[in-house]
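Just below is one structure, and these are the notes that go with it.
Please treat every number below as a calculation from the coordinates, not as lab data. Please read these numbers as outputs of a predicted model, since none were measured by experiment. Glycine gets a Cβ as well: all are built from the backbone with ideal geometry, and neighbour counts include every protein chain shown.
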Amino acid sequence: MRLLGGRLASHQALTSMWVNLIGCTANRELICRGDYMKIGIYGGNVRRGAPLTSVVDDAAAMEDRGFTSYWMPQAGSFDVLTMIGVVGQNTSRIELGTAVIPSYPRHPNALAEQAATANALCGGRLVLGVGPSHAPAIERLGLSYDRPAHHMREYVSILRSLTETGRVDFAGDMYQMQTGFACPDAQPFPIVISALAPLMLKVAGEVADGTVTWMVGRKTIGDHTAPRINRAARDANRESPRVVVGVPVCCHDDKDEAIARSIQIFQHYTQLPNYRRQLDSEGLDQAGEIAVVGNEQEIEAGLQAFFDAGATEIIASVYPAGPSGRASFERTLDCLAALAN
């Protein structure tokens, strides 16, 4: 099995399967109206018993289906930037994002070096998503979750200096640094923050290239997220920020069944304080209620509502529902690919 310099051999079989799914032109005509949506895929899931290299196969398959981006979390499994370096050697066009890397456990100089290396290996296709994570997750590492918005302002300022110039001379409240590095083939890349609260959205608009959200609904995007980050960027004389919205999606005719499955899968997000506030803002009790579900037309309408609210792109976290989970999973990918192409 060959990793670097070419795709995995087993990818050929996956490619054939995706091509067959795309071939449903009648379905594409049903749900597309000429304007294509910017849709990426949340990936990086390694099924029980599957090799780590299955992530490379999955990313390559999503590129072949025409999705604009492929995002992976740093979530207690593999190292996401190492994986992006490998995926980048086996893909050629798809944007590769982290959603997200917790900032407190990684010194910004170390993250800048690693991200610059991964970006060089993937040919400049990295979008670095970083965020403070959640107080319980950081504090159980023995670290302080102190002043997260101020921390992110300093952290991203250092990252940007290092990745754009190769050097930093920074004297802040939390970091004091004079250092640099020289990564071969280094080039700047977008940095987005998992900004949810008002102060964090202000930071994202002023020093980052946008926000990447999770568990944030359409109403909250329109009333809170997009207006705040756009105003902050405008006041700082920066370009319009990216508003990257992550959302669970399931194309399944039985909407109640799809929502029930979503509630089951995403239950653990319900009690995390940062997400709980967003769900309360949306008037939702359970995290899974935020999912976009239904038939092809309902999926299109649900995603379009996010774009109308101010999202610039969607990251779909595809999940299965019903007796034939695999069928609904593939139907969802087929629906999303038609909307994205």
**Amide H contacts under 5 Å for Trp214, placed H, 5+ residues apart** = Gly246
**Message:** Take Val46 and Asp254, extend 7 Å from each Cα along the Cα→Cβ direction, and tell me the distance between the two endpoints in nm.
**Reply:** 3.4 nm
**Fill in**
Expected vector for the range 167-175, Karplus 3J(HN,Hα) from phi with 6.51, -1.76, 1.60 and θ = phi - 60°, integer Hz, x for Gly and Pro, equals 9, 8, 10, 10, 10, x, 6, 9, 10
**Request:** Mind sorting Val55, Val249 by how few other Cβ atoms lie within 10 Å of their own Cβ, fewest first?
**Result:** Val55, Val249
**Request:** Grab the beta carbon distance between Asp280 and Arg93, set R0 = 35 Å, and tell me the FRET efficiency rounded to 0.05.
**Result:** 0.35
**Asked** If the chain between Arg147 and Thr312 were fully stretched, how many nm would it gain, using 0.36 nm times the residue separation less the Cα-Cα distance?
**Response** 56.6 nm
**Reachable lysines from Lys38, criterion Cα separation under 22 angstrom, eight or more residues apart if same chain** = Lys219
**Message:** Using alpha carbons only, how many angstrom separate the centre of the range 120-134 from the centre of the range 220-289?
**Reply:** 21 Å
**Prompt:** With the chain treated as a Gaussian network of Cα nodes joined by springs under 10 Å, which of Asn230, Asn295, Asn45 yields the largest mean-square fluctuation?
**Reply:** Asn45
**Request:** Among Val203, Val46, Val293, determine the one that fluctuates most according to a GNM of the chain built with springs between C-alpha atoms less than 10 Å apart.
**Result:** Val46
**Complete:** Correct response: the longest run of the chain lacking exposed trypsin sites (Lys or Arg not before Pro), defined by DSSP loop and at most 12 other Cβ within 10 Å, is 141-341
**Prompt:** So what's Rg/Rh here for the chain, counting alpha carbon atoms and using the Kirkwood radius for Rh?
**Reply:** 0.96
**Message:** With just the Cα atoms defining each centre, how far is the range 142-179 from the range 308-341? Give it in Å.
**Reply:** 37 Å
**Prompt:** Once both axes come from the Cα atoms, what is the angle between helix 226-235 and the longest principal axis of the chain, in degrees from 0 to 90, rounded to 10?
**Reply:** 40 degrees
**Request:** Run the dipole for the chain about the Cα centre, Lys and Arg Cβ at +1, Asp and Glu Cβ at -1, nothing else charged, and hand back the magnitude in debye, nearest 20.
**Result:** 440 debye
**Item:** Difference of contour (0.36 nm per residue) and Cα-Cα distance, Asp223 to Ala171
**Value:** 15.2 nm
**Item:** Spacing of the two label points (7 Å from each Cα toward its C-beta) at Ala327 and Arg238, in nm
**Value:** 4.7 nm
**Message:** Compute the angle between helix 273-282 and the longest alpha-carbon principal axis of the chain, please, reported from 0 to 90 degrees and rounded to the nearest 10.
**Reply:** 50 degrees
**Prompt:** Amide H to amide H under 5 Å from Val127: which residues, 5+ apart in sequence or cross-chain, H placed 1.01 Å off N in plane?
**Reply:** Leu96, Gly97, Thr98
**Fill in**
Amide H neighbours of Tyr42 at under 5 Å, excluding residues fewer than 5 places away on the same chain, with H built from the backbone geometry, are Trp71, Ala316, Ser317, Val318
**Complete:** Net charge near Ala232 (other residues with Cβ under 10 Å of its Cβ; Lys, Arg +1; Asp, Glu -1) is +3
**Message:** Show me, for the range 207-224, the HN-Hα J-couplings you get by feeding each phi into the Karplus relation (A = 6.51, B = -1.76, C = 1.60, θ = phi - 60°), rounded to Hz, glycine and proline as x.
**Reply:** 10, 10, 9, x, 10, 10, 10, 8, 6, 10, x, 5, 4, 5, 4, x, 8, 10
**Prompt:** Nearest 10 degrees, 0 to 90: what angle lies between the long axis of helix 108-121 and the longest principal axis of the chain (Cα atoms)?
**Reply:** 50 degrees
